[in-house]
Amino acid sequence: MSLISQNPVSRNKVKFKRDDEVVSINGDINDTENGLESDFEISKLKKRKKEKENQIEVEQEKEIKKLESFLFGSIYSPLEFGKQVEEKAHDVVAEDGSALFFLDSSTNDVELSEESDYEQKTCKERKAAWVDEEEERTVINIAKVNRLRKLRKEEDESVISGLEYVSRLRAQHAKLNPGTEWAKLDSGLRNDHGYDDESSDEEKGVVAASGYGNGEVIDDILRTNEDLVVKSRVKLLPGLLEYSRLVDANAEEPSNGPINSVQFHRNAQLLLAAGLDRRIRFFQIDGKRNTKIQSVFLEDCPIRKASFVPDGSQVIIAGRRKFFYCFDLVKGKVDKIGPLVGREEKSLEVFEISPDSSTIAFLGNEGYILLVSSKTKELIGTLKMNGTVRSLAFADNGNQLLSSGGDGEVYHWDLRTRTCIHKAVDEGCINGTALCTSLNGRMFAAGSDSGIVNVYNRDEFLGGKRKPIKTVENLTTKVDFMKFNSDAQILAICSTMKKNSLKLIHVPSFTVYSNWPPLNKNLQYPRCLDFSPGCGFMAVGNAAGKVLLYKLHHYNHA
């Protein structure tokens with residue numbers, strides 16, 4: 001055998017000893033061609049073998065990806081809109097090899113992509129399978145049926161549309177039948193953030209309740225110490241009032257006589273308490289210590305009433321005297337003012353200050369109302385009723401004044417023209433003893449010496465409607481004091497002639513809270529009351545010289 005035939009054989013045996021098929025082919029070629037292979041043929045065989053190996057690797061990778069996609073989803077090639085349908089369409093062919101049908105892809109790809117994005121965003125929102133067109137044209141009166149009155153959002157609401165009725169029924173059902181945690185669509189958020197299976201349900205609930213798909217937002221929530229679940233603070237519920245008793249507001253220095261006035265400063269931290277012991281005391285209210293700040297003694301004036309000027313700069317103090325006092329909070333100075341020029345009044349003990357801090361209205365003799373400037377402390381005008389005047393209340397940001405008295409009528413005065421713009425009889429009233437208006441001026445309450453309290457809509461009353469919205473008959477003695485809280489959801493009515501005769505009324509439903517006053521606690525003879533600006537605190541002054549302090553849990557701020 002020649003040298004040419006020996007070299008290729010040995011080289012093939014060294015390089016292709018792992019491939020039996022190639023070696024056998026080389027053996028056959030060596031037998032048939034008698035060793036006449038060239039380097040060109042060897043390189044051709046190498047190339048063919050390399051292509052075959054690459055093809056096997058590609059097929060193996062495709063098989064592995066197919067199995068992984070079958071087990072774990074489309075992780076390598078995410079599903080695109082209409083892609084599978086097109087592939088199936090190409091697979092269906094006729095006998096002659098042509099496709100039976102084709103998909104028209106001439107629509108705008110951008111619109112398809114936007115539609116797919118929108119579907120992905122709204123995949124969690126379930127659409128109604130059928131919509132009743134009659135719902136839009138149907139109207140339902142939810143005020144007539146007792147079991148539908150709970151669907152009202154406003155007290156005077158009666159007729160609503162069919163669509164609104166369906167939505168409120170769904171909301172009421174969701175409120176009464178909350179879904180389970182594991183069945184919520186956003187429960188998958190818990191797995192996205194890599195929480196362990198051993199985590200508590202409360203920790204998982206926090207993530208699911210947030211409802212955010214963005215991890216950065218959830219991280220921001222978890223970095224704060226704020227409450228993740230906040231109760232609705234919009235409307236106060238009737239029935240039972242949630243409250244708790246705190247340390248008495250004047251625990252550091254109780255009064256030696258009955259408390260006639262309690263009032264919160266506009267900053268909600270300062271409280272004044274004044275009474276017949278001729279002292280006015282200021283306390284810093286925190287609900288725990290209620291530190292006393294200052295006490296002012298007036299030697300010649302047992303205090304019948306004391307009140308902050310709404311701008312918070314002064315305190316007006318009055319008693320059964322022909323003069324009154326003004327205490328400047330900034331300077332810490334007490335000024336004695338009066339008697340008023342041109343008037344021979346024996347007492348200035350009852351007064352009201354306008355919300356704009358411009359006018360002080362005093363009760364005078366023989367039905368006169370004395371208007372005094374809060375800046376100059378001088379008499380600037382008078383108003384005259386037909387009967388005696390016993391109570392006052394400002395409205396319309398100080399532009400109007402309400403008064404009532406011995407003739408049983410409620411007067412409305414325009415202070416800009418100093419004229420009476422309206423006068424009407426308070427239903428069932430013989431002698432009016434108390435008046436108060438809500439902060440927004442929409443409602444006012446009138447009390448009488450028989451214990452009856454009538455609540456009116458002020459606009460309707462001025463328009464000629466004499467019927468009150470509600471008549472409260474829970475007191476049996478003379479009504480001495482009434483007060484709306486700042487959002488006009490609570491009305492407090494008080495009589496000083498009977499123990500525990502203090503009632504709190506839920507204004508939206510006009511029902512009395514059944515758990516107030518407390519059963520096991522004695523309020524003594526209540527004489528005055530005030531709510532803090534944020535309605536978080538309620539202070540009650542009684543004849544025993546104490547100022548009882550309560551926390552109303554519905555409100556977050558003092």
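The values are calculated or read from the model by the stated rules, or taken from the named source; none is laboratory data. Because the structure is a prediction, the values reported are computed rather than measured. In this analysis, Cβ positions are derived from the backbone assuming ideal geometry, glycine residues included, and neighbour counts consider all displayed protein chains. Keep in mind that these areas ignore ligands, DNA and RNA; they rest on the heavy atoms of the full protein, side chains included. Shrake-Rupley method; radii C 1.70, N 1.55, O 1.52, S 1.80 Å.
Key figures for this structure:
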{"item": "Verdict on Thr477 being within 23 Å of Gly541 (Cα to Cα) and either charged (D, E, K, R) or open to solvent by 10 Å² or more (accessible area, probe 1.4 Å) (or both)", "result": "yes"}
{"item": "Residue within the range 119-139 that is open to solvent by less than 100 Å² (accessible area, probe 1.4 Å), modelled with pLDDT of 85 or more and of a type outside the set (Asp, Glu) present", "result": "yes"}
{"item": "Qualifying residues in the range 286-312 (those that are open to solvent by 40 Å² or more (accessible area, probe 1.4 Å) and among the polar types (S, T, N, Q)) - the one farthest from the chain's Cα centre (by Cα)", "result": "Gln294"}
{"item": "Failed item in (1) crowded, with 18+ Cβ neighbours inside 10 Å; (2) not in a loop (DSSP other than H, G, I, E, B), with Val334 passing the rest", "result": "(1)"}
{"item": "Residue within the range 370-383 that is under 26 Å from Lys465 (Cα atoms) and of a type outside the set (Gly, Ala, Ser) present", "result": "yes"}
{"item": "Filter result for the condition that a residue is among the charged types (D, E, K, R) and at pLDDT below 55, over Asp192, Asp286, Asp277, Asp248", "result": "Asp192"}
{"item": "Inter-residue pairs, beta-carbon under 7 Å, first hydroxyl-bearing (Ser, Thr, Tyr) and in the range 413-437, second open to solvent by 80 Å² or more (accessible area, probe 1.4 Å) and part of a strand (DSSP E or B), 6+ apart", "result": "Thr433/Arg390"}
{"item": "Some residue of the range 440-463 being among the hydrophobic types (A, V, I, L, M, F, W, C), more than 25 Å from Cys528 (Cα to Cα) and open to solvent by less than 20 Å² (accessible area, probe 1.4 Å)", "result": "yes"}
{"item": "Filter result (farther than 12 Å from Gly447 by Cβ and over 27 Å from the mean Cα position of the chain (by Cα)) within the range 470-495", "result": "Lys470, Thr476"}
{"item": "Residue check for Phe327: surrounded by fewer than 17 Cβ atoms within 10 Å (Cβ to Cβ), of a type in the set (Phe, Trp, Tyr) and over 29 Å from Arg416 (Cβ atoms)", "result": "no"}
{"item": "Selected residue (only one of Thr376, Thr382, Thr417 is part of a strand (DSSP E or B), open to solvent by 50 Å² or more (accessible area, probe 1.4 Å), of a type in the set (Ser, Thr, Tyr) and out of contact with any Lys or Arg (no Cβ under 6 Å at 6 or more places or on another chain))", "result": "Thr382"}
{"item": "Strands (runs of 3 or more DSSP E) within the range 273-321 that include 2 or more residues β-branched (Val, Ile, Thr) and more than 21 Å from Asp248 (Cα to Cα)", "result": "314-319"}
{"item": "Yes/no for Asn399 being within 41 Å of the chain's Cα centre (by Cα), without any contact (Cβ under 8 Å) to a residue 24 or more places away in the chain, surrounded by fewer than 19 Cβ atoms within 10 Å (Cβ to Cβ) and more than 30 Å from Ile293 (Cα to Cα)", "result": "yes"}
